[in-house]
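**Student:** Structure below; questions to follow.
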Amino acid sequence: MSKNLLEIKNLHVGYGAIKAIKGIDLHVKEGEVVAILGANGAGKTTTLRTISGLLRSNEGEIIFDGKNITKTPAHEIVSLGMSHSPEGRRVFGTLSTEENLLMGAYTLKKYDPKVLDWIYEILPRLKERKKQLAGTLSGGEQQMLAIGRSIMSNPKLLILDEPSLGLAPVLVKVIFKAIKEISKSGVTVLLVEQNAKAALKLADRGYVLELGKISYEGSSEELLNSKTIQEAYLGKKR
């Protein structure tokens with residue numbers, strides 16, 4: 001049985017007097033794709049930013065690959081094998097597509113050309129645009145670039161925050177196909193996604209966050225078949 005690559009225990013995160021995360025527990029096993037679902041304001045992005053060290057928790061533990069990283073700085077967490085593709089893409093607009101990709105390998109002494117070639121293979125649009133300034137790319141191309149950049153460091157765990165947000169359905173298919181290929185290569189994936197149906201079809205398991213607490217968890221099949229989840233997140237009425 002595969003081991004837990006990521007464990008979160010009794011995590012609390014607040015912004016001043018506002019408690020965004022209220023004692024959640026979750027885990028991600030090696031090789032899994034795990035989805036976190038929930039409405040806007042549920043605490044999904046806060047959870048991801050705390051895991052990757054961009055925010056500090058008030059209480060609880062984050063264990064990554066057997067190491068307690070609760071107080072570890074973000075740049076050190078990247079070096080341990082975790083990569084975070086944030087909501088909003090955050091590409092470097094004045095750098096080329098390829099320069100952006102190479103920035104993703106900044107923690108390595110030398111980037112692996114085979115990884116770059118593989119990114120161009122699963123996201124061929126990036127190869128077509130490799131000399132183009134990232135700021136002139138379409139929204140979908142920038143999302144592909146953000147994902148490609150996040151795997152240049154050859155991570156054990158890839159964290160994706162809303163990879164399909166604002167994209168046309170045809171581009172959503174391209175993005176999710178690429179995530180599937182990344183997972184098949186052995187990278188563990190933790191995914192926050194508003195498109196619940198697409199996320200659960202891709203994921204092995206899922207958690208539902210509501211107002212900073214986990215309200216449901218289970219296999220993707222269980223969540224897809226749950227009448228409560230269908231009504232709340234899949235657009236189906238009882």
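The values are calculated or read from the model by the stated rules, or taken from the named source; none is laboratory data. What you are looking at is a predicted structure, and each value in this text was computed from that prediction instead of being measured. Neighbour counts run over all protein chains shown; Cβ positions are idealised from the backbone, glycine included.
**Student:** Does S219 qualify as being of a type in the set (S, T, N, Q) and either closer than 20 Å to N40 by Cα or in contact with a helix residue (DSSP H, G or I) (Cβ under 8 Å, 6 or more places away or on another chain) (or both)?
**Tutor:** No, not satisfied.
**Student:** Still on this structure: Here is a list: L160, L171, L200. Which entry is of a type in the set (A, V, I, L, M) and out of contact with any helix residue (DSSP H, G or I) (no Cβ under 6 Å at 6 or more places or on another chain)?
**Tutor:** Within the list L160, L171, L200, the selection yields L160.
**Student:** Continuing with this model, one more query. What are the residues in the stretch 105-146 that are basic (K, R), in a loop (DSSP other than H, G, I, E, B) and surrounded by fewer than 14 Cβ atoms within 10 Å (Cβ to Cβ), if any?
**Tutor:** K109, K110, K131
**Student:** Please find, among S164, S226, the residue that is in contact with a Gly (Cβ under 8 Å, 6 or more places away or on another chain) and surrounded by 15 or more Cβ atoms within 10 Å (Cβ to Cβ). Lay out the reasoning, then the answer.
**Tutor:** On the way: S164 fails: in contact with a Gly (Cβ under 8 Å, 6 or more places away or on another chain).
Answer to the selection: S226.
**Student:** For E193, are the conditions met, namely being touching a residue at least 40 places away in the same chain (Cβ under 8 Å), more than 20 Å from I77 (Cα to Cα), buried (at least 20 other Cβ atoms within 10 Å of the Cβ) and touching a Pro at 6+ places or on another chain (Cβ under 8 Å)? Before the answer, list the steps.
**Tutor:** Values: touching a residue at least 40 places away in the same chain (Cβ under 8 Å): yes; more than 20 Å from I77 (Cα to Cα): yes; buried (at least 20 other Cβ atoms within 10 Å of the Cβ): yes; touching a Pro at 6+ places or on another chain (Cβ under 8 Å): yes.
Judged against the criteria, E193 is a match.
**Student:** What is the number of the single condition among (1) modelled with pLDDT of 95 or more; (2) crowded, with 16+ Cβ neighbours inside 10 Å; (3) of a type outside the set (V, I, T); (4) in contact with a helix residue (DSSP H, G or I) (Cβ under 8 Å, 6 or more places away or on another chain) that K67 does not meet?
**Tutor:** Of everything listed in (1) modelled with pLDDT of 95 or more; (2) crowded, with 16+ Cβ neighbours inside 10 Å; (3) of a type outside the set (V, I, T); (4) in contact with a helix residue (DSSP H, G or I) (Cβ under 8 Å, 6 or more places away or on another chain), K67 misses just condition (2).
**Student:** Out of all the residues in the stretch 48-96, which are outside any loop (DSSP other than H, G, I, E, B), under 21 Å from K19 (Cα atoms), among the hydrophobic types (A, V, I, L, M, F, W, C) and under 15 Å from the mean Cα position of the chain (by Cα)? Talk me through it step by step, then tell me what you get.
**Tutor:** Our first condition is that a residue be outside any loop (DSSP other than H, G, I, E, B); within the stretch 48-96, this holds for 48-51, 59-64, 67-68, 74-80, 82-85, 96.
Filter again for under 21 Å from K19 (Cα atoms), leaving 48-51, 59-62.
Adding the requirement that they be among the hydrophobic types (A, V, I, L, M, F, W, C) leaves 48, 51, 62.
Those that are outside any loop (DSSP other than H, G, I, E, B), under 21 Å from K19 (Cα atoms), among the hydrophobic types (A, V, I, L, M, F, W, C) and under 15 Å from the mean Cα position of the chain (by Cα): L48, I51.
**Student:** Still on this structure, please answer the following. Before we move on, is K9 closer than 26 Å to S79 by Cβ, of a type in the set (D, E, K, R) and touching an Asp or Glu at 6+ places or on another chain (Cβ under 6 Å)?
**Tutor:** yes
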